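*Asks:* A single structure is presented below for examination.
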Amino acid sequence: MTRERNGREAKPEKRDKKVTTKSLRLMKERKQRIVALTAYDYLMAELLDQAEVDVILVGDSAAMAVQGRHTTVSVTMEEMLYHAELVSSAVERALVVGDLPFMSYQVNTDEALRNAGRMVQQAHVEAVKLEGGLSIAPTIRRIVEAGIPVMGHLGLTPQSIHKFGTYQVRATEPEEADEVRRDAKALEDAGAFAIVLEKVPASLASEVSKSVSIPIIGIGAGPECDGQILVSHDMLGLYTKFHPRFVRRYAELGEQMKNAFARYAQDVRAGEFPRETESY
Ligand code: KIV
């Protein structure tokens, strides 16, 4: 077994088994890094699953990546159910997590439980994600008690963008860092099976990862988390409106697509498409 930084396994054994919340916990124990990405449709989900991504999040980032909005707050429960069902129907191996959108879980725990239940029952996801710390812990407990696994989300929480006013790195001040430490513990105690930790200093993320028994999946939170997640449209170079430094671009699909569309347009206009061999 090849070992890399932090004594974590770089090349785990072939993973062909279905990923569950339990296997994620085992991966943390075995120091195997968890690989997570987002998807919003069948085709992307199928490709991610074939690439053996462990967790596929149907993120409310759909609002930006698919709908072209400026924030995540506008996407609705109905729209998330639609995206989540498309993703679930494509996935065989990965754990599929459905994001609960803004205002689907904040009003009261009854509504939160009902919407979490709809995600599982109607969209066939295996877990839900919601944002927030100590104050949302009773809601998480209620959903978990009903048999629905919950992933938390701390640090930069995009659904609160209008409260914070910026997407800058969070928890750089000691009080906010303490809040993150406290919130991670509260979510673990409430029964969350994992936590997404977004855009906080790497040293804090490392400390939090070591302080709880559930996996911490980082995004812009440095290399010492138990796993990493990115928005697929960001790492593929499809969403290019802004480019935070934590996004590594693994492809420039936006440029490639524009190029393909322009070449097609040129060929059609010049009468060079279709050829005889492309006709009947
Ligand atoms: O909605 C989303 O895509 C997310 C990721 C940024 C973790 O919450």
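The numbers here are math on the coordinates, done by the rules we state, and not lab data. Note that this is a predicted model, so its numbers are computed, not measured. Neighbour counts are summed over all protein chains in view; Cβ atoms, including those assigned to glycine, are modelled from backbone coordinates with ideal geometry.
*Asks:* Taking 8 Å as the Cα distance limit and 6 or more residues as the minimum spacing, I'd like the relative contact order of the chain as a percentage. Please report the intermediate quantities before stating the final value.
*Replies:* Working: 526 pairs, mean separation 40.3, N = 280.
Normalised by residue count, the contact order of the chain is 14 percent.
*Asks:* Excluding residues fewer than 8 places away in the same chain, name every one of the lysines whose C-alpha is closer than 26 Å to that of residue 17.
*Replies:* 28, 31, 129
*Asks:* Helix 77-88 versus the longest principal axis of the chain: what angle, 0 to 90°, nearest 10, using Cα atoms?
*Replies:* Approximately 70 degrees, to the nearest 10.
*Asks:* With the cut-off at 1.5 for a/c, could you classify the stretch 2-249 from its C-alpha gyration tensor as rounded, prolate or oblate? Walk me through the numbers before you get to the answer.
*Replies:* Details: a/c = 1.17, a/b = 1.05, b/c = 1.12.
Note, shape of the stretch 2-249 comes out rounded.
*Asks:* To the nearest 20 debye, what is the magnitude of the charge dipole of the chain about its Cα centre, counting +1 on the Cβ of each Lys and Arg and -1 on the Cβ of each Asp and Glu? Show your work: numbers first, answer last.
*Replies:* Values: 36 positive and 40 negative charges, 144 e Å.
For this selection, approximately 680 debye.
*Asks:* Report, to the nearest 10°, how far helix 202-211 tilts away from the longest principal axis of the Cα atoms in the chain, using its own Cα long axis and a range of 0 to 90°.
*Replies:* The angle comes out at about 60 degrees.
*Asks:* To the nearest 10 degrees, how steep is helix 253-269 against the longest Cα principal axis of the chain, on a 0 to 90 scale?
*Replies:* 20
*Asks:* Would you kindly give the portion of the calculated P(r) for the stretch 135-280 that falls above 27 Å, as a percent of all Cα pairs?
*Replies:* Values: 4235 of 10585 pairs.
That fraction is 40 percent.
*Asks:* Another question about this same structure. In what order do 161, 195, 229 fall by count of nearby beta-carbon atoms within 10 Å, going from fewest to most? Walk me through the numbers on the way to the answer.
*Replies:* Values: 161 16, 195 29, 229 26.
With the fewest neighbours first, 161, 195, 229 line up as 161, 229, 195.
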